[in-house]
Each structure stands twice: as structure tokens, then as C-alpha cells.
Amino acid sequence: MKYLTRILTLLFVFLNSIAFSQELIKEAKLKFDLPNDSWALKDKQFAEGKKIYFYKRESIKDKSGRNVIPNISVITEKVSKNQDVVTYSAFKRMEISFDVDKVFTHEDELIEFQNAIGYKGQYQDQYGKHTIYVIYLINNKKGIQMIFDVTSDLFNELDEEFKKTMKSIQKYE
């Protein structure tokens, strides 16, 4: 009986940790898992017909000792029922300036969501060089942009966390 209690306790903890990290974007009928409990939803905003979710990670020190807060942003907006993801991504790429290093789809195994296209790229701001993943998706008549962002010197440390979240993106009913 003692072993059964331990097994059930461990199972309960494991299942609760999985449920804790799952995020729902209700208007887009989209769900995904945050990679671990270092990540949390920090803010939601509405602007110009868009809903924006800001997920932040606990800070990480970079090589210079500066605290950096990696983030994942999810932006949803209404799109026409005939909008395809390639056209949507091309239109949105004109709004976000970054240098593209790689393009990927569900066939490349970084993401499993089929109505999506993703980019790995870089940009420079006042804090230095950043490496990002940007994924464009369409689901439930919503265009969705997911932006995974961290400074380039910390990217390798965060890459697996980003990939874990990207791979978990799914539809739900």
C-alpha cells in the first residue's frame, strides 16, 4: 500500500505539472505548452483589433552579467476565411524587420501544426543582437504570430525551451 501511495502521489505531481504549463488562446482555438515553470503569462493587451499575449521567462544572466528576460509573444487577429498562411506570413513579414536565416514548416519537424510557416532569424536593437523564431499560423479564422525572442548570446541556452513550445502547438475544439 505504501508503494501505491507513492506512485499515485508522483503521478498526481506529474500530471499537475503538465496541466500547469498548457496555455489556451481561446479566440484562435490554439493551445501550446510552456516549456517549464520558469515561464508565465505576464500581460495581455488589445490594440488595433489584435490581442497580444506576453509570456516571460525568469531572467538569465548573460556573459556581461546583465539580467535578460526571454519572451514569447502571441498576437492574434481576424483574417478572411480565404487567407492562406503563406500570404499571411508574407504580409506580416513586411511589418517585422529581421534577417531570415531559416524557413521551416511542419515537414521540418520544428513544428507539427500544419497550417503554419516559421522563420529563424536575427535583428539588432539597443540591447544587442537577438535571435528569434517567428511562426505564422492560421486557425479558427484568426491569423496568429508567435515570436520567440532572446539575445543571441543566450539563444543556445534557450533554444530547446523554444523548440519544446513550438512543437506543442495544436488546435483544440
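Please treat every number below as a calculation from the coordinates, not as lab data. It should be emphasised that the depicted structure is a prediction, and the values quoted were computed from it without experimental measurement. Every residue, glycine among them, receives a Cβ derived from its backbone with ideal geometry; neighbour counts consider all protein chains shown.
Have a look at region 59-158 and give its Rg and Dmax from the Cα atoms, expressed in angstrom.
14.6, 49
In whole angstrom, how far apart do the alpha carbon centroids of region 110-169 and region 28-59 sit?
What the calculation gives is 13 Å, centre to centre.
Past 32 Å, Cα to Cα, is the threshold; run Lys63/Lys163; Lys81/Lys129; Lys63/Lys171; Lys29/Lys56; Lys42/Lys167 against it and keep the listed order. Spell out each step's value before the answer.
Working: Lys63/Lys163 23 Å; Lys81/Lys129 37 Å; Lys63/Lys171 38 Å; Lys29/Lys56 22 Å; Lys42/Lys167 22 Å.
Those over the limit are Lys81/Lys129; Lys63/Lys171.
If you take every DSSP beta bridge whose two residues both sit in region 16-104, what share of them, in percent to the nearest 5, is antiparallel?
So the antiparallel bridges amount to about 100 percent of the total.
Provide the three semi-axes, in whole Å and in decreasing order, of the ellipsoid equivalent to the chain as defined by the square roots of 5 times the Cα gyration tensor eigenvalues. Could the numbers behind the result be given before it?
Details: eigenvalues 162, 102, 43 Å².
Here the semi-axes work out to 28, 23, 15 Å.
Give the Cα extents of region 32-76 along the principal axes, in whole Å, largest first.
Taking the Cα atoms of region 32-76, the three principal extents are 39, 22, 11 Å.
Near Tyr88, within a Cβ-to-Cβ distance under 13 Å, what is the net charge of the other residues, with Lys and Arg +1 and Asp and Glu -1?
Once all neighbours under 13 Å are counted, the net charge is +3.
Put one equal scatterer on each alpha carbon of region 35-106, apply the Debye formula with no solvent term, and list log10 I(q)/I(0) at q = 0.11, 0.21, 0.25 1/Å to two decimals.
These q points yield log10 I(q)/I(0) values of -0.43, -1.15, -1.18.
DSSP loop (so not H, G, I, E, B), at most 15 other Cβ within 10 Å: list which trypsin sites (Lys or Arg not before Pro) in region 41-103 pass both filters.
Lys63, Arg66, Lys81
Enumerate by residue number the GluC sites (Glu not before Pro) in region 96-132 meeting two conditions: DSSP loop (anything except H, G, I, E, B), and at most 15 other Cβ atoms within 10 Å of the site's Cβ.
Answer in residue order: Glu109, Glu112.
Taking the beta-carbon count within 10 Å as an exposure proxy, list His106, His130 from fewest neighbours to most.
His106, His130
Using a 10 Å cut-off around each Cβ, can you sort Ile135, Ile52 from fewest to most neighbouring Cβ atoms? Display every interim value, and only then the final one.
Details: Ile135 24, Ile52 16.
Result, fewest neighbours first: Ile52, Ile135.
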